[in-house]
Amino acid sequence: MRIGYVDCFSGVSGDMLLGAIIDAGVPAEALREELARLPLDGYTLDARKVIRASIAATHVSVAVQGEPEPRTFREVAELIAGSRLPEADKDGGTRVFRGLAEAEAAVHGETIETLHLHDVGAVDAIVDVMGTVAGLRLLGVEAVFCSPLPAGEGEAHGPHGTLPVPAPATLELLRRANAPLRRADAVVGEAVTPTGAAIVTTLAHFERPEMTVERVGYGAGSRDPEGRPNVLRLWTGEGAAGATRPMVLIETNIDDMTPEMLGYALEKLLAEGAADAWFTPLQMKKNRPGVMLSAICSEADEEKIARLILRETSTLGVRVRPVSRWEAEREVIEFESSLGPAAAKVKRLPGEPPSIAPEYEACWRLAEASGMPIVDVYRVVEDEARAHIK
């Protein structure tokens, strides 16, 4: 899997991410062409090489004509939905802005329906978010990871006046994502902007992946403090095949819930980011039959998954312990089979031929449409999928 690691040793913002993407190999003109698919005008995007404390980097600036136009989340979502960008880009961008809107609404005591996004709903913020989403796609990045973030110090000035650093909406985004923060005494001022926080907390996992680094892009911030490069580094390359990944295992024993409620809780865990979740039957006190609910997730998602178990089940507490998980390189391919649209998972291990597993839902639809036994559909899809593996 091709991955990207966002190294935020001096902070993160939307323009720094765009600069790093261009510096890592995406031509500025290609990015402009992708952004032209949005029904958005009245701006220009400029990219130029700069030096930040002896480090060469790319600085991106978005010049907007006229005053910033505040938008509601719904207006931003409709603008994205009306673009000609791929559906995956639309989904990623919409999720980023939903996170922004929910954080801003929580801070200001409003709802995302009534809240007007000022700076973060303006043209330059939309360009930053959608440019980052499209740029990562152009780099071929399939998974994004991020370093701990510097908290910064001091104050920041915005449409709501002078605010402490991190800004309230930024801090709310970081809290919701359980993002790791570190103190960096040399980073004075706003190190993490609301737009930058929304992008990384939505699109990235906060962990350091095992990878082979192929390209490094440097994106420059607007400020140029003395003695410290105000840049963000984007590492891109291949994830290490079969690498171990640090995770946490969260468990609890339950003996007083119906199967329907347990099933709902399991589905919620998987939908909210658990890498896996399962039940184990066991015997509990007073000879009652029960189950152990187990969920495995990333370290960054520990609080979210633990709270979800506490909310959706009758348990009064959960057990947590660190674990490591070996992961094979995998991908899902979609193709037109002789029976119709099909999909299959492809697993790869070093030195071994790829393993193919047809997707059940796609095979189920093909079996229903063709009248063939599903076992025969599986065989056809598996055989024909091999021709589509690179």
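The values are calculated or read from the model by the stated rules, or taken from the named source; none is laboratory data. Here the structure is a predicted model, which means the values were calculated and not measured. Positions of Cβ are generated from backbone atoms using ideal geometry, with glycine treated the same way; all protein chains shown enter the neighbour counts. Please note that ligands, DNA and RNA were not included when accessible areas were found on the heavy atoms of the full protein model with its side chains. Shrake-Rupley method; radii C 1.70, N 1.55, O 1.52, S 1.80 Å.
Some observations on this one:
- Sulfur and carbon atoms: percent of accessible area, the stretch 321-387 [1.4 Å]: 54 percent
- In the full protein context, the chain carries 50 Å² of accessible surface per residue, based on a 1.4 Å probe and ignoring ligands, DNA and RNA.
- Of V165, V129, V60, the one that fluctuates the most in a GNM where the chain has Cα springs shorter than 10 Å: V165
- Percent carbon-and-sulfur accessible area, the stretch 24-109, ignoring ligands, DNA and RNA, probe 1.4 Å: 49 percent
- Here K345 is the anchor, and the lysines within straight C-alpha reach of less than 18 Å, apart from those fewer than 8 places off in the same chain, are K390.
- For the stretch 16-23, backbone phi angles converted through the Karplus equation (6.51, -1.76, 1.60; θ = phi - 60°) give residue-by-residue couplings of 5, 5, 4, x, 5, 5, 5, 5 Hz, Gly and Pro being listed as x.
- Value of relative contact order over the stretch 12-96, rounded to a whole percent, pairs C-alpha under 8 Å and six or more apart: 29 percent
- Largest-first ellipsoid semi-axes for the stretch 228-296, taking √(5λ) over the Cα gyration tensor eigenvalues, angstrom: 39, 14, 12
- Within a Gaussian network of the chain (alpha carbon springs, distance under 10 Å), most fluctuating of V377, V320, V231: V377
- Long-range amide H partners of S10 with built H, under 5 Å: V231
- The Kirkwood radius of the stretch 1-120, taken over pairs of alpha-carbon atoms, gives through the Stokes-Einstein law at 4 °C and 1.567 mPa s a diffusion coefficient of 80 µm² s⁻¹.
- For the peptides 253-264, 210-221, the ranking by packing is 210-221, 253-264, with the highest mean count of neighbouring Cβ atoms within 10 Å listed first.
- Nonlocal amide H pairs with D276, under 5 Å, H built at 1.01 Å: I296
- Peptides 23-29, 363-369 ranked from most to least packed give 23-29, 363-369, packing being the mean of other C-beta atoms within 10 angstrom over each peptide's residues.
- Dipole axis of the stretch 1-131 (+1 Lys, Arg; -1 Asp, Glu on Cβ), positive-most option in L85, V129, I21: I21
- Within the full protein context, the accessible area of S337 is estimated at about 10 Å² for a probe radius of 1.4 Å.
- Largest-first ordering by accessible area, 1.4 Å probe, given options K268, K90, K285: K285, K268, K90
- Working from Cα pairs under 8 Å separated by at least six residues, relative contact order for the chain is 19 percent.
- Residues within the reach of a label modelled at V323 (point 7 angstrom out along Cα to beta-carbon, backbone nitrogen below 18 Å), restricted to the stretch 259-279, are 266-279.
- For R379 and E303, a Förster radius of 35 Å and the Cβ-Cβ distance give a FRET efficiency of 0.20, rounded to the nearest 0.05.
- Helix 360-370 axis, angle to the chain major axis (alpha carbon atoms, nearest 10°): 70 degrees
- Whole-Å distance, taken between Cα centres, linking the stretch 234-283 and the stretch 51-90: 35 Å
- With Cα atoms defining each centre, the stretch 329-373 and the stretch 164-223 are spaced 37 Å apart in the structure.
- Segments 299-305, 222-228, 310-316, 356-362 sorted - mean Cβ within 10 Å per residue, highest first: 299-305, 356-362, 310-316, 222-228
- Full extension of the chain between L316 and R182 yields a length gain of 45.1 nm, computed as 0.36 nm times the residue separation minus the alpha carbon distance.
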